[in-house]
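The values are calculated or read from the model by the stated rules, or taken from the named source; none is laboratory data. The shown structure was predicted, so the numbers you read here are calculated from the model rather than taken from an experiment. We place every Cβ from the backbone using ideal geometry, glycine too, and count neighbours over all the protein chains shown.
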Amino acid sequence: VKKKAVDLSEKLLRDNQARLEAGLLSSTEVRVTETQLMRNRQSLLSSRLDALRIEDEVRAALNLRNLPVGLYPVDRPATQAAVTENAADLLDKIYANDTQIGIEQASLEQNRYQLEQELNKQKTNLDLSLSYVLNGYSNSSFGGTADFSKSDLHGMNVTLTWKVPLGDQVTIENIQRKRLEQQQLSLQIEDRKSQLDVSFQSLLRSLSLIKKEKLTATAVSKLSKDQLRNEIERFKIGKSTSYRISQYQQDVVEAEQQEILIRIRQENIRVELLTLTGEFYEKYELNQQ
């Protein structure tokens, strides 16, 4: 945009200088055009310096000594404003990707396991044991084996023991504490989901508003260009001044810059959505490590 402004200012200056030589313009008009040209060149130089500064920052972040190709914003931001994926599915991805929710859910599962252990301590413990006694006797060392067949020497023993927890105050307090912790973790998870939902809905509303804002900015840019062309035609027949043309030229530059800024804001929102859903690295093919 700024390069176009410089080109237009240079063309206007050449036209004004030719008109000055022909006696159709005053030197003041030419000075105004020269001043506008210098301002546009200064603005273009500032933009190039900003691009080099960004290149240095990227080089430092990636630990590169040099970049083979200069890093300039040559790619136009995406013009698609609407989210094509279902909002409910996106929200589920956001919940699944959130680190805080993941930690709290893991803590909740651990709490449930510990609570189950404490509840088991309060249950009555039954222990049933069975034993069978087989006896025999004889006067000789090798004669007792035959007497094992006598049923009055046999016997079965059954033992049933149980343990009833009475007055175990420590276990009761642990159960109460675990249940309170469980409720607290559940509330924290729901609160975090509510925060993410609000952020998600805010981003969707912003995308919807940007769509309308882009239409308005495009209309303003087109109108500014039409006014500039008309003013140049009026200038050719001596009904306008170079000062008014420079004003309309500035309006065109500002309108085009506004369009670009709106697309950048839209792209930033889409990056935020990708970050929330965990698809940022996949989208831009970046290494998470």
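For the range 226-276, the set of residues classified as part of a helix (DSSP H, G or I) and of a type in the set (S, T, N, Q) consists of Gln227, Asn230, Ser242, Ser246, Gln247, Gln249, Gln250, Gln257, Gln258, Gln266, Asn268, Thr275, listed by residue number.
If you check Ser242 against the conditions, is it in contact (Cβ under 8 Å) with a residue 12 or more places away in the chain and under 17 Å from Lys3 (Cα atoms)? Break it down stepwise before answering.
Numbers: in contact (Cβ under 8 Å) with a residue 12 or more places away in the chain: yes; under 17 Å from Lys3 (Cα atoms): no.
No: the conditions fail for Ser242.
Yes or no: Lys214 surrounded by 15 or more Cβ atoms within 10 Å (Cβ to Cβ), under 23 Å from Arg39 (Cα atoms) and modelled with pLDDT of 85 or more? Working first, answer last.
On the way: surrounded by 15 or more Cβ atoms within 10 Å (Cβ to Cβ): yes; under 23 Å from Arg39 (Cα atoms): no; modelled with pLDDT of 85 or more: yes.
So Lys214 fails the test.
Residue pairs whose Cβ atoms lie under 9 Å apart, separated by 6 or more positions or on different chains, with the first residue in the range 266-285 and in contact (Cβ under 8 Å) with a residue 24 or more places away in the chain and the second in a helix (DSSP H, G or I) and small (Gly, Ala, Ser), are Gln266/Ser206; Ile269/Ser206; Glu272/Ser199; Leu276/Ser199; Thr277/Ala96; Gly278/Ala96.
Of the residues making up the range 225-241, none is touching a Pro at 6+ places or on another chain (Cβ under 8 Å) and of a type in the set (A, V, I, L, M, F, W, C).
Within the span defined as the range 236-254, every residue fails to be modelled with pLDDT under 90 and farther than 30 Å from Asn40 by Cβ. Per the listing Glu282, Glu231, Glu213, Glu181, the residue uniquely acidic (Asp, Glu), touching a Phe, Trp or Tyr at 6+ places or on another chain (Cβ under 7 Å) and outside the structural domain of Arg19 (by TED's automatic domain parsing) is Glu231. Of the set (1) in contact (Cβ under 8 Å) with a residue 40 or more places away in the chain; (2) touching a Phe, Trp or Tyr at 6+ places or on another chain (Cβ under 8 Å), all apply to Ser199 but (2). For the range 16-34, the set of residues classified as free of Cβ contacts under 8 Å to residues at least 40 places away in the same chain and at negative phi consists of Gln17, Ala18, Arg19, Leu20, Glu21, Ala22, Ser26, Ser27, Thr28, Arg31, Glu34, listed by residue number.
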